[in-house]
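Engineer: Following this message is one structure expressed as structure tokens.
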Amino acid sequence: MELSRHAAVRKQQRGFQAGDFELIMSFGTCIRKPGNVIEYRMDHKNEKHLVQAIDRIKGKSVLVSDDEKTVITVYNRSKGSSQLFSCKRSVFTR
């Protein structure tokens with residue numbers, strides 16, 4: 001998603017990190033506002049759903065094509081599995 005210059009400045013000033021917008025838009029509440037804009041907001045209810053989702057997906061993997069257009073399979077990772085190399089593109093950073 002493209003950021004306006006204003007949003008880029010506010011992101012830095014307000015401590016937003018890479019992936020924060022996607023999390024808020026995925027798990028937040030959607031509210032239509034005047035001026036044909038949409039606000040996504042996180043509240044306690046949304047936070048609870050996010051924590052539940054994180055617990056549910058721990059130890060799971062999704063295998064996708066290189067162009068990320070096709071999900072090939074999904075599986076539960078074994079405890080001994082390791083990551084050989086990381087992808088350059090990631091929505092969420094650690």
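The values are calculated or read from the model by the stated rules, or taken from the named source; none is laboratory data. Treat the numbers as computed from the prediction; the structure is a model and nothing was measured. Virtual Cβ from ideal backbone geometry, glycine too; neighbours counted across all protein chains shown.
Engineer: Contact list please: Cβ distance under 8 Å, first residue in the stretch 1-26 and in contact (Cβ under 8 Å) with a residue 24 or more places away in the chain, second residue of a type in the set (A, V, I, L, M, F, W, C) and in a helix (DSSP H, G or I), pairs at least six apart or on different chains.
Structural biologist: Leu23/Leu50
Engineer: Moving on to the next point. It is to be established whether one or more residues within the stretch 23-32 are exposed (fewer than 12 other Cβ atoms within 10 Å of the Cβ) and either out of contact with any strand residue (DSSP E or B) (no Cβ under 9 Å at 6 or more places or on another chain) or among the aromatic types (Phe, Trp, Tyr) (or both).
Structural biologist: So in the stretch 23-32, the residues exposed (fewer than 12 other Cβ atoms within 10 Å of the Cβ) come out as 30-32.
Now narrow it down to the ones that are either out of contact with any strand residue (DSSP E or B) (no Cβ under 9 Å at 6 or more places or on another chain) or among the aromatic types (Phe, Trp, Tyr) (or both): none.
Looking through the stretch 23-32, none of the residues is exposed (fewer than 12 other Cβ atoms within 10 Å of the Cβ) and either out of contact with any strand residue (DSSP E or B) (no Cβ under 9 Å at 6 or more places or on another chain) or among the aromatic types (Phe, Trp, Tyr) (or both).
Engineer: Related question: Among the residues of the stretch 62-94, what is the count of those that are modelled with pLDDT under 90, of a type in the set (S, T, N, Q) and within 19 Å of the chain's Cα centre (by Cα)?
Structural biologist: So the count comes out to 3.
Engineer: Which pairs have Cβ atoms under 8 Å, sit 6 or more apart or on different chains, and link a residue in the stretch 58-73 that is without any contact (Cβ under 8 Å) to a residue 12 or more places away in the chain to one that is part of a loop (DSSP other than H, G, I, E, B)?
Structural biologist: Val64/Thr70; Ile72/Ser65
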